[in-house]
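The values are calculated or read from the model by the stated rules, or taken from the named source; none is laboratory data. Just so it is clear, the structure is predicted and the values come from calculations on it, not from any experiment. Note: ideal-geometry Cβ built from the backbone for every residue, glycine included; neighbour counts use all protein chains shown.
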Amino acid sequence: MKKYVIGVDIGGTKVATGIISIRDGKLKKKVVLPTHAKDGFEGSLEQVYESIGKVLQMSGTGKEHIEGIGVCAPGPLNPVKGIVHNPPNLPGWNEVPLASLIRKKFRIKTRLENDANAAGMAEVIWGAARGYKHVLYVTVSTGIGTAIIINGKVFHGKNGMAGEGGHMTINYDDKYGKCNCGNIGCIEALASGPYTIKRLRRKLEKNPGLKTNLIDMVDGRLNDLTMIVLSDAADEGDRLALETIAEEGRLIGIWLGSMINVLDPEIIVIGGGVSLMGDVLFKEIRKTIPTHSINIFADKTPVVQARLKRDVGIFGAASVLLKPSEIAALEKGKKRQK
Ligand SMILES: [Zn+2]
């Protein structure tokens, strides 16, 4: 195995590219450029090329030391074929064979992956799921995404579309929970950040007498409520804030009980902004899972917070080129040398 791997994280506003040492997972150099999304596909592609060229140059690393280039981009995309379909965040990108374009330009092996799968793989290679083969990774932020990792590899399904666990229906006749995907009652439409806030706002509007500091914290403007405000109020012991986070944890726990029934994972890693809510959320998730799972080992399945936070997009993209078994062998070799 070669020494380094390059990760490219393409977003609607910026392209972040880094070169990472495979053995210790250290980010050696990083370049962030604007995506220039409004200039269409060609303008953005130029930025991607430039960022890769720059990290190679700045790090002084020859191509012969690069294991490959991993790219994560907004979906929908096909990781198996390396094609970006037509993401809403990247106007003008239409059926772009991104992996093969980059491969031809730099003559380096290139793979494409979606954000959640990439972040899950990064946790397996360098994060909280190291040493585990069967992993369910969950990201909870503005949406809920999942990555299913079996035998150390992301499970893609037939069309590269597998692992959309966030759109599993939890309450099919939910009056309010119409999801962004068009379905009703997906776990994303119940427990992601924006939907948790929506439910809280409704509760406050219906019950103006509720005792809470939340209303004062946003000067009475309920539209200004965010997960950050909720988290701050919970830290100060606000009962409604704590209840709201616990309710979110219960919903996630109910869903994860079913996910365990299907997957029987060795570990569940939770990342994304909402995972930073900490103990209240995780306690409730862990408490709820066993009562909603048929798996007699459900209560023994570790549910832990993701370890990679900064530059997770770069690490995620880079990690999709690596196999956990090879990393473990590298580490063993390193220990022997000492
Ligand atoms: Zn949905």
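The table that follows gives values for the structure above.
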read-out: Odd one out for residue 146, checked against (1) crowded, with 19+ Cβ neighbours inside 10 Å; (2) in the same structural domain as residue 51 (by TED's automatic domain parsing); value: (2)
read-out: Selection from segment 35-55 of residues that are more than 14 Å from residue 102 (Cα to Cα) and modelled with pLDDT of 95 or more; value: 54, 55
read-out: Residue 196 being outside the structural domain of residue 10 (by TED's automatic domain parsing), farther than 17 Å from residue 316 by Cα and hydroxyl-bearing (Ser, Thr, Tyr); value: yes
read-out: Any helices (runs of 4 or more DSSP H) falling wholly within segment 225-317 and containing at least 3 residues that are closer than 17 Å to residue 139 by Cα and among the β-branched types (Val, Ile, Thr); value: 239-263
read-out: Pick from segment 67-115, criterion hydrophobic (A, V, I, L, M, F, W, C) and in a loop (DSSP other than H, G, I, E, B), ranking: modelled with the highest pLDDT; value: 108
read-out: Tally of residues being of a type in the set (Ser, Thr, Tyr), touching a helix residue (DSSP H, G or I) at 6+ places or on another chain (Cβ under 9 Å) and crowded, with 21+ Cβ neighbours inside 10 Å across segment 43-89; value: 1
read-out: Segment 147-178, subset more than 22 Å from residue 130 (Cα to Cα), part of a loop (DSSP other than H, G, I, E, B) and small (Gly, Ala, Ser), residue nearest to the ligand (Cβ to nearest atom); value: 177
read-out: Qualifying residue in segment 17-37 (condition: assigned by TED's automatic domain parsing to the domain that holds residue 115, over 23 Å from residue 88 (Cβ atoms) and among the polar types (S, T, N, Q)); value: yes
read-out: Conditions (1) hydrophobic (A, V, I, L, M, F, W, C); (2) more than 18 Å from residue 7 (Cβ to Cβ); (3) within 21 Å of the chain's Cα centre (by Cα); number of the one not met by residue 98; value: (2)
read-out: Lone unmet requirement of (1) away from the ligand (no atom under 15 Å from the Cβ); (2) of a type in the set (A, V, I, L, M); (3) within 14 Å of residue 142 (Cβ to Cβ) for residue 191; value: (1)
read-out: First in segment 164-193 and assigned by TED's automatic domain parsing to the domain that holds residue 277, second anywhere and charged (D, E, K, R) and within 7 Å of the ligand (Cβ to nearest atom), Cβ under 6 Å, 6 or more apart; value: 166/188; 179/188
read-out: Some residue of segment 280-301 being under 28 Å from residue 7 (Cα atoms) and surrounded by 15 or more Cβ atoms within 10 Å (Cβ to Cβ); value: no
